[in-house]
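Report on the structure given below.
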There are 2 protein chains.
Amino acid sequence: MSADVEHPRTADLQLERVLHALSDPIRLQIVRNLANCESLACGAMDYPVAKSTLSHHLRVLRLSGLTHTDIVGTQRFISLRHDDIENRFPGLLAVIGAVRDPQHSAH
Amino acid sequence: MSADVEHPRTADLQLERVLHALSDPIRLQIVRNLANCESLACGAMDYPVAKSTLSHHLRVLRLSGLTHTDIVGTQRFISLRHDDIENRFPGLLAVIGAVRDPQHSAH
């Protein structure tokens, strides 16, 4: 369930906002790391920033439409909106190195 | 000649900085418009912003490595560093819609 967190609709995604979200090295790394995860718990994220800074980065990513946040109990799980981004901005994820490992694809 | 303006070397271009430069709608439009120009005089640029704001945007673009500024007399000519960007971040210009019109390519 993610009733209390806002997510932009795919049709409302703005390229400028997505590019801004990706213009920070930590946020760019988060997106790259999420490329091969179904979802990742916030608590399992290990970046060299304060917890409040990480929360800010995750909010910027979510509001840009790059990521989806699911709240399960007291945990937040973050996932990359791979298909939505690819649909709206084809090739962007490949350009920034956030591509799914081929072994994750169906054969 | 462009002795008095700073341009990052191709090898020093940073993806985060380029994405930040592109995260503003006016700067994104400038880059798209430059895609089919050899170069464009600043004075010929027509955007709905103050001249000082346009100067700021052009500086951000230049320092990110997206554009090159040539000073000829009292005029500044701006060009897109198409090959440098394509070389460092293949596909990025296509993703943002800054592609050369096919009629500009050699047959």
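The values are calculated or read from the model by the stated rules, or taken from the named source; none is laboratory data. Everything numeric here is computed off the predicted structure, so don't read it as measured data. With ideal geometry, Cβ positions are generated from the backbone for all residues, glycine too; neighbour counts draw on all protein chains shown. Note: areas computed on protein heavy atoms with side chains; ligands, DNA, RNA excluded. Shrake-Rupley method; radii C 1.70, N 1.55, O 1.52, S 1.80 Å.
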key: Separation of the A:Gln29 and B:Ile26 label points, Cα + 7 Å toward Cβ, nm   = 3.3 nm
Pseudo-label separations to other copies for A:Asn33 - Cα-to-Cβ vector, 7 Å, nm = 4.1
message = I'd like the accessible area for B:Met45, computed on protein heavy atoms only with a 1.4 Å probe and all protein chains in place. Round to 10 Å², please.
response = 20 Å²
inquiry  = Less than 13 Å Cβ to Cβ from A:Glu16, Lys/Arg counted +1 and Asp/Glu -1: what total charge do the surrounding residues give?
reply    = +2
key: Inter-label distance for B:Asp46 and A:Val5, nm, one decimal - labels placed 7 Å from Cα along Cα-to-Cβ   = 4.6 nm
request  = Would you grab the residues whose amide H sits under 5 Å from the one on B:Arg76? Only those 5+ places off in sequence or on another chain, please, with H modelled 1.01 Å from N.
outcome  = B:Cys42, B:Gly43
message = Return the equivalent ellipsoid semi-axes of the protein assembly as shown as a descending list in whole Å, where each equals the square root of 5 times an eigenvalue of the C-alpha gyration tensor.
response = 36, 18, 16
key: Sequence of B:Thr74, B:Thr69 from largest to smallest accessible area, 1.4 Å probe   = B:Thr74, B:Thr69
note = Heavy-atom accessible area of the protein assembly as shown with neighbours in place, 1.4 angstrom probe: carbon+sulfur share in percent works out to 48 percent
request  = Please report the buried accessible area for the interface of B with A, total over both chains, probe 1.4 Å, in Å² to the nearest 100.
outcome  = 1200 Å²
request  = Kindly provide the helix-only [θ] at 222 nm of chain B, computed as the sum of -39,500 (n - 2.57) over DSSP H runs of four or more divided by all residues, to the nearest 500 deg cm²/dmol?
outcome  = -11000 deg cm²/dmol
request  = Please give, to one decimal in nm, the separation of the simple spin-label points placed at B:Gln75 and A:Val72, each 7 Å out from Cα toward the Cβ.
outcome  = 6.2 nm
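Calculate the dipole size of the protein assembly as shown relative to its Cα centre from +1 charges on Lys and Arg beta carbons and -1 charges on Asp and Glu beta carbons; express the result in debye to the nearest 20. Let's see the in-between values first.
Values: 22 positive and 24 negative charges, 63 e Å.
Charge dipole of the protein assembly as shown: 300 debye, to the nearest 20.
Cα-Cα pairs above 15 Å in chain B: how many percent? Please list the in-between numbers first.
Numbers: 3494 of 5671 pairs.
In whole percent, the share of Cα-Cα pairs in chain B beyond 15 Å is 62.
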request  = Using Cα centres only, tell me the gap between the stretch B:65-100 and the stretch A:46-107 in whole Å.
outcome  = 29 Å
